[in-house]
């Protein structure tokens, strides 16, 4: 089962290598990995999607916690969260089907970011499923995809501030 | 005060109360060695290989509990430390390794003697740093010493570019560290402690499983008090040897692949197994399905990731062994368990009969080869209070099984990583750490050759280390496996043709060196022994030495094996005690 693990880490050079090295060195399966800044410039948030049974996920969390630069490990699986992925899709279009594609894009709330004589770039944000669905619908037209990993945040007042550690 | 980077490194050593370092110079660390030239308060031990510097610093730390320190140069200097760092990391040894790096403006340019030290050592250290700003140097060194020595100890690498070593800065070495992602556990969870106490007090056949964490955590005293109070028997891991004295009737010895008969049976029969500072490593548990089948398991460890990794644990306790054991002591009952003690006594008696079978008690006047048991027990009688280091393989297992250890930190051995070539440099570190004690390095003829260049260091430092080579002409442990599981096909394990050589008192030219001549070449003492009486003479000579190492090259039975043995895939109670010979 996929688990979403959210980390707060010190924003040091090499911290990503340390985390990815740990995951690969111990043979853990990682589906996606995304990182970005937080309100505190010294702290980076990393969202991991990992696959494994409970014992493995438990080990992943414990091993991540051992790292000196990891400040907080939260398992967002089965929590009340908002999960998002981001995708850029480059499509080959002809004058005949451009309208149809724009219509589809609207249904999915995707934005048209670029229109060329025979190409188009769509920007889409949503759940993994939503992105997969649009990709499937446009399968014949897509020539290139750039997708981010998953990011996730818990609903409600609770927030993973460092001071709560 | 204004310190150049190199001066701050030495200032850090002084502030951390480091009086001995193990080091090897090179281009990138010349500025540090230049400061050391005038530092009369710091003893610099020059090894002959960086790997040995790390092993020696590691053993210095294991024997004293202080943080070991080594300094090496960039590139090959740093890469040579990898085996040593991994060894220390596995066995939770506090170590700070300072490595030189090429100047900052050359990093990434494939400069001469450049290596990505932080990248290479990341998976084999507790933590590592590259110092990228002069103003971070003091803080980084302070953090390195803090991280190395607290919690579950381990090695920390600090990689310092050469230009930073020259850069001056007005600086005070910091006293405090502020690491928001790092805490070290102390007291145990009250609820879990309560459950553990009830479980232990209610158990009919309880058993303690003592690991290296007791020795590392300096909790052997309180642990012994608990054993004395409760009368609960103890098994140990390899690293847990010394937590309780070998001779204590409640000590059943080591468990695992080469565990003792009584210890392995006790684990299989107990109804409660209380592991302290152990990892339940695969060489200990063997077949997990058959491990402690009747037992409820309590596991106390300072590292949460060690708990419930390999075996299901009923009562996990995260905490510092010493603090938690002190919490437990008043709560554990003194209780008679006559049936359990009777069973254990029977196993111990049976073990003596089994041992006699494999020549453990070989005849005193036996004119054939020495048996390993004879060698270990005879050396033990001459040096009963020695610190013992081992290499890895048969020599290590025989030492663990046959030596009578009295205290923690007296068996210095590479347990987790199993590093051949560890024992002799470790003996140097131990001898330097404990000038008032004799150090015995038990070695095999194979593993000794992995770091024999350190004879130069031992001679130079005038260390009366007793190097006992159990010379069987083989890489014995692998040969034993080949004998048992590969139909006696001794592929690449036969080191020399010693059987013939022995008769002519020469060593075959294409085999191992003549260790006696080797000792002589380095200015050490050396003798070759074939019998118990020759061994005793050699030990008399060794006992009288005060400032020179001695090699005692013991020609042992070439195909002597380590027994008992639990074959891979078998349960701990499925031990074998000899090679099963086909009927003729």
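Of B:400, B:427, all but one fail to be surrounded by 24 or more Cβ atoms within 10 Å (Cβ to Cβ), out of contact with any helix residue (DSSP H, G or I) (no Cβ under 9 Å at 6 or more places or on another chain) and in contact (Cβ under 8 Å) with a residue 60 or more places away in the chain; the exception is B:400. Scanning the range B:97-117 for residues that are within 14 Å of chain A (Cβ to nearest Cβ) and either within 20 Å of the chain's Cα centre (by Cα) or farther than 26 Å from residue B:426 by Cβ (or both) yields B:101, B:104, B:107, B:108, B:116. Taking the range B:249-271 as the range and being touching a helix residue (DSSP H, G or I) at 6+ places or on another chain (Cβ under 6 Å) and assigned to a strand (DSSP E or B) as the test, the residues that pass are B:252, B:253, B:254.
Screening residue B:121 with (1) part of a helix (DSSP H, G or I); (2) away from chain A (no Cβ under 14 Å) gives one miss only, at (2). Taken across the range A:149-164, residues that are surrounded by 11 or more Cβ atoms within 10 Å (Cβ to Cβ), out of contact with any strand residue (DSSP E or B) (no Cβ under 8 Å at 6 or more places or on another chain) and at pLDDT below 95 do occur, with at least one present. For the range B:1-31, the set of residues classified as buried (at least 22 other Cβ atoms within 10 Å of the Cβ) and either without any contact (Cβ under 8 Å) to a residue 24 or more places away in the chain or in contact with a strand residue (DSSP E or B) (Cβ under 6 Å, 6 or more places away or on another chain) (or both) consists of B:21, B:22, B:23, B:24, B:28, B:29, listed by residue number. Among helices (runs of 4 or more DSSP H) entirely within the range B:129-248, having at least 1 residues that are under 21 Å from residue B:277 (Cα atoms) and over 25 Å from the mean Cα position of the chain (by Cα) singles out B:190-202, B:220-230. Scanning the range B:513-559 for residues that are within 13 Å of residue B:465 (Cβ to Cβ) and crowded, with 18+ Cβ neighbours inside 10 Å turns up B:519, B:522, B:524, B:525, B:526, B:542, B:549, B:550, B:551, B:552. Scanning the range B:290-321 for residues that are touching a residue at least 12 places away in the same chain (Cβ under 8 Å) and part of a helix (DSSP H, G or I) gives B:290, B:304, B:306, B:321. Checked against (1) within 14 Å of chain B (Cβ to nearest Cβ); (2) closer than 25 Å to residue B:309 by Cα; (3) out of contact with any helix residue (DSSP H, G or I) (no Cβ under 8 Å at 6 or more places or on another chain), residue A:51 passes all but a single condition, namely (1).
Going residue by residue through the range B:406-415, is there one that turns out to be over 24 Å from residue B:243 (Cα atoms) and either part of a strand (DSSP E or B) or not assigned by TED's automatic domain parsing to the domain that holds residue B:516 (or both)? No: the range B:406-415 contains no residue that is over 24 Å from residue B:243 (Cα atoms) and either part of a strand (DSSP E or B) or not assigned by TED's automatic domain parsing to the domain that holds residue B:516 (or both). Any idea which residue in the range B:133-159 is surrounded by the most Cβ atoms within 10 Å (Cβ to Cβ), counting only those that are farther than 20 Å from residue B:17 by Cβ and touching a helix residue (DSSP H, G or I) at 6+ places or on another chain (Cβ under 7 Å)? In this case the residue turns out to be B:157. Here the range B:160-185 is the region considered, the condition is being surrounded by fewer than 18 Cβ atoms within 10 Å (Cβ to Cβ) and within 14 Å of chain A (Cβ to nearest Cβ), and the residue that is nearest to residue B:302 (Cα to Cα) is B:184. Only one of the numbered conditions (1) more than 14 Å from chain A (Cβ to nearest Cβ); (2) under 30 Å from residue A:66 (Cα atoms); (3) in contact (Cβ under 8 Å) with a residue 60 or more places away in the chain; (4) surrounded by fewer than 21 Cβ atoms within 10 Å (Cβ to Cβ) is violated by residue B:283, and that is (3). If the condition is being part of a helix (DSSP H, G or I) and crowded, with 18+ Cβ neighbours inside 10 Å, then the range B:432-455 contributes B:432, B:433, B:445, B:446, B:447, B:448, B:452, B:454, B:455. Selection over the range A:16-42 of residues that are within 18 Å of the chain's Cα centre (by Cα) and either more than 14 Å from every other protein chain (Cβ to nearest Cβ) or crowded, with 16+ Cβ neighbours inside 10 Å (or both) gives a count of 12.
Screening residue A:85 with (1) in contact with a helix residue (DSSP H, G or I) (Cβ under 6 Å, 6 or more places away or on another chain); (2) exposed (fewer than 15 other Cβ atoms within 10 Å of the Cβ) gives one miss only, at (2).
The values are calculated or read from the model by the stated rules, or taken from the named source; none is laboratory data. These figures come from a predicted structure and were not determined experimentally. All Cβ positions, even for glycine, are placed from backbone atoms using ideal geometry, and neighbour counts span all protein chains on display.
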